[in-house]
Structure formats: C-alpha cells, structure tokens
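Before any comments, here is the structure.
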Amino acid sequence: MAAGLTARQAFDTYTAISVLVRSSAVLQRLQSRTDDVRFPREYWEQVIDAESMPLIASISGRGYRIGMADDINFDHVLDSILDRAELFCRADA
C-alpha cells in the first residue's frame, strides 16, 4: 500500500486550508475596519460562561480575543488541520 493521503483526504485537507485562509482574510479585513472598537468586559462575560469555563473566563478581556483573526488562532487551526492529515498518512502506512 502506498503511503500518503487518499484523493478524498487530500481534497478535504486542501479545502480545509483554503477555507481557513479565506475566512481569516475576511475576518482580518473586518477587524481592520473596526480596530478602534474595544469590547467591554461585559461583552466577554456574555460570551464566556464563567461557571462552565472558569479558566478561560479568568483571562478574557485582558488582551485575549475569541473569534478574532490573529496569527495565534490561524497557526493553531492550521496545525490542527495538518495534524489530522498526518494521522491519515500514518493510518494508511
């Protein structure tokens, strides 16, 4: 059996990366239009339930952003996509 991705796995991986890049570009553009808008702490308290996510709630609103395009979020999602592709390759080896 040849190592690597199947045609379907390669297509799914390519599509996931394509969607990530395009959506990140759109989010970045929207953010650049609203750079001067700062979300108040009350906003973060509505988004994050402190009872069910106490660790995350303890840092929100202090420079950490949820649902925003930045290098950290992009890299995390890209790494996840590539890790999944690597798992496909290992499973087929």
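The values are calculated or read from the model by the stated rules, or taken from the named source; none is laboratory data. Just so we're clear, the structure is a prediction, and the values are computed from it rather than from any experiment. Counting neighbours? That spans all protein chains shown, and the Cβs are built from the backbone with ideal geometry, glycine included. Quick note on the areas: whole protein, heavy atoms, side chains included, nothing else; ligands and nucleic acids left out. Shrake-Rupley method; radii C 1.70, N 1.55, O 1.52, S 1.80 Å.
A few remarks follow.
- Residue within the stretch 64-84 that is open to solvent by 100 Å² or more (accessible area, probe 1.4 Å), part of a loop (DSSP other than H, G, I, E, B), modelled with pLDDT of 70 or more and more than 20 Å from residue 9 (Cα to Cα) present: no
- First in the stretch 68-80 and under 18 Å from residue 30 (Cα atoms), second anywhere and of a type outside the set (Asp, Glu) and modelled with pLDDT under 85, Cβ under 8 Å, 6 or more apart: 68/31; 69/31
- Options 13, 34: the member that is surrounded by 13 or more Cβ atoms within 10 Å (Cβ to Cβ) and either at pLDDT 85 or above or not acidic (Asp, Glu) (or both): 13
- Going through (1) touching an Asp or Glu at 6+ places or on another chain (Cβ under 9 Å); (2) modelled with pLDDT of 90 or more one by one, residue 28 falls short only on (2).
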